[in-house]
1. Can you say whether G137 is assigned to a loop (DSSP other than H, G, I, E, B) and farther than 19 Å from M1 by Cα, as far as the supplied structure shows?
2. Find the helices (runs of 4 or more DSSP H) located wholly in region 1-120 whose residues include 3 or more that are closer than 15 Å to L142 by Cα, and list them.
3. Given the criteria open to solvent by less than 50 Å² (accessible area, probe 1.4 Å), of a type in the set (S, T, Y) and at negative phi, does T80 qualify?
4. Please name all residue pairs, on different chains or six or more residues apart, with Cβ atoms under 8 Å, provided the first residue is in region 49-62 and is without any contact (Cβ under 8 Å) to a residue 24 or more places away in the chain and on the phi > 0 side of the Ramachandran plot and the second residue is surrounded by 13 or more Cβ atoms within 10 Å (Cβ to Cβ) and among the β-branched types (V, I, T).
5. In region 86-102, which residues are open to solvent by less than 70 Å² (accessible area, probe 1.4 Å) and out of contact with any Lys or Arg (no Cβ under 8 Å at 6 or more places or on another chain)?
6. Do any residues in region 127-141 that are among the aliphatic types (A, V, I, L, M) have Cβ atoms under 9 Å from those of residues that are open to solvent by 60 Å² or more (accessible area, probe 1.4 Å) and assigned to a strand (DSSP E or B), where the two are at least six apart or on different chains, and which pairs are they?
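The values are calculated or read from the model by the stated rules, or taken from the named source; none is laboratory data. It should be emphasised that the depicted structure is a prediction, and the values quoted were computed from it without experimental measurement. When we count neighbours, we look across all protein chains shown, and the Cβ atoms used for this are built from the backbone with ideal geometry, even at glycine. Ligands, DNA and RNA are excluded from the accessible area calculation, which covers all protein heavy atoms including side chains. Shrake-Rupley method; radii C 1.70, N 1.55, O 1.52, S 1.80 Å.
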Amino acid sequence: MRCVIQRVQHASVTVNDELVSQIQSGFLVLLGVGEDDAESDARYCADKIAGLRVFEDPDDKMNLSIKDVGGSVLLVSQFTLLGDARHGRRPSFSHAARPELAEPLCDRVRDLLIEQGVPTLTGRFRTHMEVDLLNDGPVTILLDSKRGF
């Protein structure tokens with residue numbers, strides 16, 4: 001699994017002019033599921049997201065987690081994070097999971113975050129989404145459950 005985690009002041013997802021999800025302070029997480037991902041990858045990502053200390057403490061040091069500050073997560077499935085653009089001009093998405101695997105694992109990450117006390121909303125799987133956000137910092141973290149980077 002690959003995640004792009006952005007600390008936001010607010011974020012939302014709209015599909016066909018319908019507001020699907022909206023959060024205030026927290027994380028917008030773009031989540032890509034790979035063909036060989038499993039429950040262990042979902043757990044790794046959820047634990048990292050919930051425990052990532054990138055919010056300022058009273059001394060202005062990034063020392064607090066999303067749980068510490070009472071933030072929320074907007075989790076958006078994005079298979080293009082598995083795109084391989086090393087060869088040619090058109091990315092290959094052959095390592096992205098098929099929807100039958102990807103959707104349940106996205107849902108599992110959501111459920112694991114909620115179990116840890118992090119309010120988590122999602123986009124709408126397999127639709128064209130408009131994602132709006134105000135990046136806070138900006139703070140953007142890349143995460144790969146296979147530790148590829």
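1. Details: assigned to a loop (DSSP other than H, G, I, E, B): no; farther than 19 Å from M1 by Cα: yes.
Answer is no for this residue.
2. Details: elements: 39-51, 66-69, 99-115.
In region 1-120, 39-51 are the helices (runs of 4 or more DSSP H) which contain 3 or more residues that are closer than 15 Å to L142 by Cα.
3. Numbers: open to solvent by less than 50 Å² (accessible area, probe 1.4 Å): no; of a type in the set (S, T, Y): yes; at negative phi: yes.
Considered against the rule, which asks whether it is open to solvent by less than 50 Å² (accessible area, probe 1.4 Å), of a type in the set (S, T, Y) and at negative phi, T80 comes out as no.
4. Note: no pairs meet the criteria.
5. Kept after step one, since they are open to solvent by less than 70 Å² (accessible area, probe 1.4 Å), are these residues of region 86-102: 88, 91-92, 96-97, 99, 101-102.
Correct list: G88, P91, S92, A96, A97, L101, A102.
6. Cβ pairs passing all conditions: L133/Q9; L133/H10; L134/Q9; L134/H10; V139/M62.
Matching residues to (1) under 21 Å from K146 (Cα atoms); (2) of a type in the set (S, T, Y); (3) modelled with pLDDT under 95; (4) open to solvent by 60 Å² or more (accessible area, probe 1.4 Å):
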| site | (1), (2), (3), (4) |
| --- | --- |
| S12 | no, yes, no, no |
| I23 | no, no, no, no |
| D47 | yes, no, no, yes |
| A50 | yes, no, no, no |
| I66 | no, no, no, no |
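Residue by residue, here is whether (1) within 13 Å of the chain's Cα centre (by Cα); (2) of a type in the set (D, E, K, R) holds:
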| site | (1), (2) |
| --- | --- |
| G71 | no, no |
| G83 | no, no |
| V109 | yes, no |
| G123 | yes, no |
| G137 | no, no |
| K146 | no, yes |
